[in-house]
1. Can you give me the number of residues within segment 504-539 that are more than 16 Å from TYR71 (Cα to Cα) and either in a loop (DSSP other than H, G, I, E, B) or touching a Pro at 6+ places or on another chain (Cβ under 8 Å) (or both)?
2. Regarding segment 419-436, can at least one residue be identified that is surrounded by fewer than 23 Cβ atoms within 10 Å (Cβ to Cβ), of a type in the set (S, T, N, Q) and in contact with a Lys or Arg (Cβ under 6 Å, 6 or more places away or on another chain)?
3. Name every residue in segment 114-153 that is more than 30 Å from ALA198 (Cβ to Cβ) and within 22 Å of the chain's Cα centre (by Cα), in order of residue number.
4. Are any residues in segment 165-194 in contact (Cβ under 8 Å) with a residue 12 or more places away in the chain and closer than 16 Å to GLN141 by Cα, and if so, which ones?
5. If you take the residues in segment 396-418 that are of a type in the set (Ser, Thr, Tyr) and surrounded by 19 or more Cβ atoms within 10 Å (Cβ to Cβ), which one is nearest to TYR217 (Cα to Cα)?
6. If a residue has to be within 26 Å of the chain's Cα centre (by Cα) and without any contact (Cβ under 8 Å) to a residue 40 or more places away in the chain to count, how many in segment 526-535 make the cut?
7. Out of all the residues in segment 40-82, which are more than 20 Å from the chain's Cα centre (by Cα), in a loop (DSSP other than H, G, I, E, B) and in contact (Cβ under 8 Å) with a residue 12 or more places away in the chain?
8. Looking at segment 349-398, which of its residues are part of a loop (DSSP other than H, G, I, E, B), of a type in the set (D, E, K, R) and in contact with an Asp or Glu (Cβ under 9 Å, 6 or more places away or on another chain)?
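The values are calculated or read from the model by the stated rules, or taken from the named source; none is laboratory data. Only a predicted model underlies this, so the values are computations on that prediction, with no experimental measurement involved. Positions of Cβ are generated from backbone atoms using ideal geometry, with glycine treated the same way; all protein chains shown enter the neighbour counts.
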Amino acid sequence: MKKHFIKSVILLSAVVLSATSCKKLIDEAYRNPNADVRVPVESLMPNLVSAMAGNWAGHGPINDARYVGQYVGYWHFVNTLSPFDRFGHILSAADVAQSTWRSHYYDIGQNCMRMIQWAEEEKKWDYAGAGKAILAHSWLQLTDYYGEVIFKEAFNTNQITFQFDEQPVVYDGVRKLCFEALDHLNKTGDGVSQANFAKGDAYFYNGDVNKWKKFVYAILARSYNHLTNKADYKPDSVIKYCDLAMQTNEEDGLVKYANSGINATANFLGPLRGNLAGATTASPTAIRQGSYIANLLNGTNPEFSGVEDPRAWYILRGNANGTIRGVDRNRGQSALAANDRPESFWGVAQTTAINNAAPANDANCRFIFRNDSPIPVITASEVQFMKAEAALIKGDRTTALAAYRRGIELNFGLLTSVYNKAIPAGKEITTAVRDAYLAQPNVMPNAAGLTRTKIMLQKYIAQYGFGALETWVDMRRYHYTDVDPQTGDQVFRGFAVPTGTDLFEDNTGRSVVYRYRPRFNAEYVWNLNEIKRIGADKNDYHVKECWFSIK
């Protein structure tokens, strides 16, 4: 019996070895594309960086900015009845305005988790720290966009359905990731190398660990600044992390593009990629600058009455009359006289008819609408405005005024150093031009005259275009039309929410939009029980206020 057993084991082992050898040859010849394949962490980093803006596949927050920008009045649809101009949504398999979800869970997701894991194993602490920073930034942006999201069970490959978590859980997770990122970024030796880090980080900070640390501190500052409506709001924490975050434009977090002439290497909003041409309500991405931003800059908004802001010619487009005008919400450009219609963001005149065509090149394009323009993720200017708001709420008006002024100066500096192409002759900003603007009393008051309105409107201008998702956080914190306790006027003075027939049909009376729905193809198809549990099966789920803005 024993001899027979040994013979059987030997025979079985031979069969297994033979089968294993055969399988090994097959696996080597036909690699499984779905299997984990270890790759250099340096090769994973570029796509993770690009996903913070808009990557080669078109995923990323700058994609969704085309829609959220309509909520906040940056721009409006060239025609009428855009769901986003009307504070609505689109729920369909097309997944309109869902790039923030796709970018976080798919483009960043497991790629970032693997980069962190492998970098930790290889003791490349710089890559591990940057990975945790990217993940923290993405989680914060995701939860502020959607409210409840899948956090604890995310990236678990053993599950096919996932539970949604409340926002406080995600906020705690964001801060934990930030501190872990800082711990890694503070390490030296082992596999840490600026030259090697720069290989993967060529399109963000070029391997500068100190700038990455400042980026992490800015994420922490945002996480505390978003909670101004909470009883335990901590202005000192906002100020502390702002002081540790980026202070100069050289430290701004900018996603850069190679722009090699290939579509995938160019800026998402440039004419080469043609992403501003959708002229149907099912894809309302043919947009023109809104009247709200135009009026803030042309001197007709009552807060800056009579002051023409020189930044207008750097970030907006003129018209045939040589003035700055914008399109009203849900009215379309045809409501304006022909010579008052602003050019498209690619510099195409609109005097005769709607023309969404992309020009042959970007020679007449400016700001973030050029093929080679970088997209800011977090800037030193934003940091100063966060500090100004926190200091004002705290009652430290001297600190608030200094940060407010510095925020404006930094925004001028960003425009003149990075976005200084295709500016009309005679409209260039010089130091004298900037200082003349800052000398206007209704722009730069004394400490006693500084208000939340001035801080938030100057921040709105400085975030214009690239900062749509963060501006939406600000507007929801102030419930769009909250009053400044110091003045009795709206914080976002002159901003009007849609009403009547201009309001989306699912918005139950006069309800404003507070969140976007989870991604259709991921959650409504595969995770419907959870969708029902959180109430996202209701037609008006998008008007349910997010935790971060609830008083």
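1. Initially, segment 504-539 is screened for residues more than 16 Å from TYR71 (Cα to Cα), giving 508-509, 518-539.
From the residues that got through so far, the ones that are either in a loop (DSSP other than H, G, I, E, B) or touching a Pro at 6+ places or on another chain (Cβ under 8 Å) (or both) too are 508-509, 518-519, 524, 527, 531, 534-539.
Residues that pass the stated criteria total 13.
2. Narrowing segment 419-436 to residues surrounded by fewer than 23 Cβ atoms within 10 Å (Cβ to Cβ): 419-436.
Imposing the further condition that a residue be of a type in the set (S, T, N, Q) reduces the set to 420, 430-431.
If we keep only those that are in contact with a Lys or Arg (Cβ under 6 Å, 6 or more places away or on another chain) too, we end up with none.
Looking for residues that are surrounded by fewer than 23 Cβ atoms within 10 Å (Cβ to Cβ), of a type in the set (S, T, N, Q) and in contact with a Lys or Arg (Cβ under 6 Å, 6 or more places away or on another chain), one finds none in segment 419-436, hence no.
3. We begin by selecting, within segment 114-153, every residue more than 30 Å from ALA198 (Cβ to Cβ); these are 143-153.
Once the filter is applied, which keeps residues that are more than 30 Å from ALA198 (Cβ to Cβ) and within 22 Å of the chain's Cα centre (by Cα), segment 114-153 yields THR143, ASP144, TYR145, TYR146, GLY147, GLU148, VAL149, ILE150, PHE151.
4. Residues satisfying the conditions are ASP165, GLU166, GLN167, PRO168, VAL169, VAL170, TYR171, GLY173, VAL174, ARG175, LEU177, CYS178.
5. Just the residues of segment 396-418 that are of a type in the set (Ser, Thr, Tyr), to begin with: 398-399, 404, 416-417.
Subsequent filtering for residues that are surrounded by 19 or more Cβ atoms within 10 Å (Cβ to Cβ) retains 404, 416.
Details: TYR404: 19, THR416: 26 Å.
Step by step, filter segment 396-418, then rank; the result is TYR404.
6. The qualifying residues number 2.
7. VAL78, ASN79, THR80, LEU81, SER82
8. So in segment 349-398, the residues part of a loop (DSSP other than H, G, I, E, B) come out as 349-366, 370-374, 379, 395-396.
Add one more test, that the residue is of a type in the set (D, E, K, R), and what stays is 362, 366, 370, 372, 396.
Once the filter is applied, which keeps residues that are part of a loop (DSSP other than H, G, I, E, B), of a type in the set (D, E, K, R) and in contact with an Asp or Glu (Cβ under 9 Å, 6 or more places away or on another chain), segment 349-398 yields ASP362, ARG370, ASP372.
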